[in-house]
Amino acid sequence: MLNRLLFALILIPFLNLNSNAQGCPEKFKAYYNGQEVTVFCVNEPIQFINCGGQTGAEFYDLDDKTMPPQFIGNPPQVPFSFSTPGTYTVTQLINDPSNPGGTQNPRTFVVKATPPPTFTATQCGNDSVKITVTDATYDNYTLTIGSNAPIPVTSGQTINVPGQSSAYTVTLNGTYNGGFCGGSASQNLTPATTPTAAIISKADIIGNGASGEISFTVNGLQNGYTYSLEQQNGSVFTQKSQLKPANGATQTFTLSGFNNTVSNCFRIRVFDNCGRSQNVASPVICTEVLQATAQNKKNVISWPAYAGNTPNGGSFSYTLFRSEGGNPRINLTPAGTQQNTFEDTDITCGLNYCYELEVSENGTAFSSSNEVCVTAISTDIPAAAKLLTSFTPDNILTGNISIPATTNLKNQQVFRSSNGGGFSFILNSVSPDFQDPNKNFREQKPCYKIIYTDNCDNASTESNVSCPVVLTSLQDKLSRSLKLDWNAYEGFEGTSVEYTLETLDANFNVTASQPVSGIFNFAVPKLSDTEQVLRYRIKAQSNLGEVSYSNTETIVQEVKIFVPTAFSPNGDGLNDVFEVKGRFQNNFSLVILNRWGQIIFESNDPKKGWDGKMNGKEAPIGVYAYRLTAIDETGKKYEKTGTLTLVK
């Protein structure tokens, strides 16, 4: 301080230490825009003016902390702005020529920052705004709403005031006591449009029981509002969830904790962003509860009358769906159904069926029930099966049963008799088909009947008796003739039967056929000279189109091979060629060798023999060896070796 005083004495050689003027004990004052202030704001232009009556040159030391001192003066009314908040000591220095002592007058001032004041402004629907002053920096606040006059507010205050009809600005100003400066902040707001009712477009039950879930789809959410999903209990509605349009105008969500054993009803109510109800609510939409019971040969499905409204105020109807196994669900009810019960009789005993109800408006479902499943039952004795027996081409005896389409087979018991004797159980089958492993059918002449059990463990009455055609053959190898015998088929539902004798190739394709109705035997006087293996079967067909085949009888003729012992290739037309004679020589091979073991002739054609020549020249008279190989149609191999004599 001593240094600052010595510096001041250089500027003011004569200080008057006793110059108090009446009425202004401060000796000088600070002004902003012509008004006295005692508190300054950063960067605010301040003027210091003498008010103590002193005369002489006037100077002001603006900060007693800075060396060299900062001075203003000559004239002293030049404005000065403080750039940093804080507490400052401003000293007035007066140079009075009439008083060599001079004077100094210090004053302390506070310089404050001017940050924008903080506040929240929430648009409340389309008619008001909610404002909360969160700032505590300033001593005084005023609030301006759009073009309205400013109103005083205090720190921490929340007020609701009318908004504007179009986009507008909210401005908060803050000022300090003892000064005319401060800060301001603004927010732009837009009034929300007039609220309309949102719509619950879908309410679907997920899961049965007293603590299930419901999936909702809500349409028509508007910005500027919040929405409450409310559950109805009598005349009272309780909020279950809050929806905000920021997540989309249409929202789908799932809530839990609902008693889905009863119908639940809901609505959507509209609130502005300030929590005020807008007295706008959606239609009440309710869920449906479905029940199903299994009765004899029918499932009975029922539900209570729909208790709510429709999304758009139209009429409603029911649609009942059914699913079974992996099959697509089907619609059981005609369009516009209003009934509350349905009897499903198109069912199969033992199968599990699941049902779901939808409530629709103009064909669009807005509410779906829980899914209920029930297993179909029946106490009725199933109708007797129709049994058909037949042989496969490779002589496997098969049976097939036909049962009513609405009956589901659990298993069947197969019984067999032989040669007209009593029936005895032979096997179980869980499919409509069975195979009898017994191969002794030619001697035992089997007949069959079955009893089946449905999926409800109801046993049927006995089926018809089915006796397949059994074909037998007797071959005379000496005369190469054949006699076939067979029995009539028993068990067709048709009243007349036609029989056909079929000839088959190696792949069991029919190569020839001829009717043999009215007879049960057939004679073949001469078997084929070109086909070693012959296959026959009987086809039985009723006037209703039922078809059964007998077993296949396979006739294998013997292979015959004759090899001459000599030949004379002399051109007389008698025995000029060495040929192998016979029947059914397949895969034929003939090799002729000379006495040294050299091959002189080869042939793979039974009709091509040796003409007695070697390399185009006549072979010498003598004895030659041959080797013959053949394989018949059954795969049997024939080999023969020997000698032959070439003579002239």
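The values are calculated or read from the model by the stated rules, or taken from the named source; none is laboratory data. Just so we're clear, the structure is a prediction, and the values are computed from it rather than from any experiment. Virtual Cβ from ideal backbone geometry, glycine too; neighbours counted across all protein chains shown. Accessible surface areas use protein heavy atoms only, side chains included; no ligands, DNA or RNA. Shrake-Rupley method; radii C 1.70, N 1.55, O 1.52, S 1.80 Å.
Measuring only protein heavy atoms, the 1.4 Å probe finds Asp380 accessible over about 60 Å². Remark: the range 388-537 carries a charge dipole of roughly 440 debye about the Cα centre, counting +1 on each Lys and Arg Cβ and -1 on each Asp and Glu Cβ.
Fully extending the segment from Ser83 to Val161 would add 24.3 nm, taking 0.36 nm per residue of separation and subtracting the current Cα-Cα distance.
Equivalent-ellipsoid semi-axes for the range 470-530 (Cα gyration tensor, √(5λ), whole Å, largest first): 25, 15, 10.
Across the range 44-61, rounded Karplus estimates of 3J(HN,Hα) from the backbone phi angles (6.51 cos²θ - 1.76 cosθ + 1.60, θ = phi - 60°) give 8, x, 10, 10, 9, 10, 5, 10, x, x, 6, 10, x, 5, 10, 9, 9, 8 Hz, Gly and Pro being marked x. Calculated over the range 607-648, the projected area of the Cα convex hull averaged across directions stands at 3.9 nm². Of the residues Ile381, Cys447, Met614, the one whose Cα sits farthest toward the positive end of the charge dipole of the chain, with +1 on the Cβ of Lys and Arg and -1 on the Cβ of Asp and Glu, is Met614.
Compute, for the chain, the length of the dipole vector about the Cα centre, with Cβ point charges of +1 (Lys, Arg) and -1 (Asp, Glu) only. Units Debye, rounded to 20.
So the magnitude is around 1400 debye.
Given R0 = 60 Å, the distance between the Cβ atoms of Ser517 and Ile621 translates into a calculated FRET efficiency of 0.40. Estimated purely from DSSP H runs of n ≥ 4, each contributing -39500 (n - 2.57), the mean residue ellipticity at 222 nm for the chain is -500 deg cm²/dmol once divided by its residues. Comparing the range 405-513 with the 2.2 N^0.38 Å rule of thumb, its C-alpha radius of gyration ratio is 1.37 (two decimals).
When restricted to Cα atoms, the range 170-256 yields an Rg and a Dmax of 21.5, 72 Å, respectively.
Please give the net charge around Phe237, taking every other residue with its beta carbon less than 11 angstrom from that of Phe237, where Lys and Arg add +1 and Asp and Glu add -1. Provide the component values of the computation, followed by the final result.
On the way: positive: Lys240, Arg267, Arg269; negative: Glu230.
Net local charge, Phe237 excluded: +2.
Remark: C-alpha extents of the range 264-415 on the principal axes read 89, 32, 24 Å, sorted largest to smallest. If you model the range 196-350 as an ellipsoid using its alpha carbon gyration tensor, with each semi-axis the square root of five times an eigenvalue, the axes come out at 35, 15, 15 Å, biggest first.
Over the chain, what is the mean sequence separation of C-alpha contacts under 8 Å (at least six apart), divided by residue count, expressed as relative contact order in percent?
Computed over the chain, the figure is 6 percent.
At q = 0.20, 0.23 Å⁻¹ the log10 of I(q)/I(0) for the range 352-459 amounts to -1.03, -1.21, computed by Debye summation with a single uniform scatterer per C-alpha, solvent ignored.
In square angstrom, what is the accessible area per residue of the chain with a 1.4 angstrom probe? Each step should come with its number before you reach the end.
Working: 32270 Å² over 648 residues.
Normalised by residue count, the accessible surface of the chain is 50 Å².
Think of the chain as a dipole: +1 on every Lys or Arg Cβ, -1 on every Asp or Glu Cβ, centred on the Cα centre; then among Tyr168, Leu189, Cys354, Cys354 lies furthest on the positive end. Across the range 507-570, C-alpha contacts under 8 Å between residues 6 or more apart give a mean separation that, scaled by the residue count, equals a relative contact order of 25 percent. The range 324-359 and the range 42-56 have Cα centres spaced 98 Å apart. For the range 418-478, the Kirkwood estimate of the hydrodynamic radius, built from every pair of different alpha carbons, is 14.1 Å.
The heavy atoms of Lys648 present about 100 square angstrom of accessible area, all protein chains included, probe 1.4 Å. Pair-distance distribution P(r) for the range 273-331, from all Cα-Cα distances in 10 Å bins starting at 0: 15, 32, 27, 15, 8, 3, 0 percent.
What's the whole-number percent of alpha carbon pairs in the range 560-611 lying beyond 12 angstrom? Cα-Cα pairs of the range 560-611 separated by over 12 Å account for 67 percent. Under 5 Å between amide hydrogens, built in the peptide plane, is the criterion, and for Thr114 it picks out Val42 among residues at least 5 positions away or on other chains. Residue-wise HN-Hα couplings along the range 224-237, as the Karplus relation 6.51 cos²θ - 1.76 cosθ + 1.60 with θ = phi - 60° gives them from phi, are x, 9, 10, 10, 10, 7, 10, 9, 8, 9, x, 9, 9, 10 Hz; Gly and Pro carry x.
Across all directions, the average flat footprint of the convex hull enclosing the Cα atoms of the range 100-255 is 15.3 nm². Taking all protein chains as shown and a probe of 1.4 angstrom, Trp610 keeps an accessible surface of around 0 Å². When both bridge partners sit in the chain, DSSP labels roughly 95% of those beta bridges antiparallel.
Projecting label points 7 angstrom from Cα along Cα→Cβ for Val280 and Lys445 puts them 9.4 nm apart. At R0 = 30 Å, how high is the FRET efficiency between Thr118 and Gln222 if r is their beta carbon distance? Nearest 0.05 is fine. E(calc), rounded to 0.05, equals 0.55. Principal-axis analysis of the Cα atoms of the chain puts helix 2-11 at an angle of about 60° to the longest axis. Charges were assigned to the Cβ only: +1 to each Lys and Arg, -1 to each Asp and Glu. The resulting dipole of the range 499-648 about its Cα centre is roughly 400 debye. May I ask you to give the percent of accessible area on the chain that is carbon plus sulfur, with a probe radius of 1.4 Å? Carbon-and-sulfur percentage of accessible area, whole number: 50. Residues Lys636, Lys617, ordered by accessible area of protein heavy atoms at a 1.4 angstrom probe radius and largest first, appear as Lys617, Lys636.
In Å, what Kirkwood hydrodynamic radius results for the chain from the alpha-carbon pair distances? The partial results should precede the final answer.
Numbers: mean 1/r = 0.0256 Å⁻¹.
Mean inverse Cα-Cα distance, inverted, gives 39.1 Å.
Ordering Thr261, Thr641 by accessible surface, largest first, gives Thr641, Thr261; the 1.4 Å probe counts only protein heavy atoms, with every chain in place.
Under the criterion of Cα pairs below 8 Å and six or more residues apart, the relative contact order for the range 478-602 equals 21 percent. Comparing Asn33, Pro468, Gln222 along the charge dipole axis of the chain, the residue lying farthest to the positive side is Pro468, per the Cβ-charge model.
In this structure, the amide hydrogen of Asn408, modeled 1.01 Å from its nitrogen in the peptide plane, lies closer than 5 angstrom to those of Cys349, Asn455, counting only residues at least 5 positions away or on a different chain.
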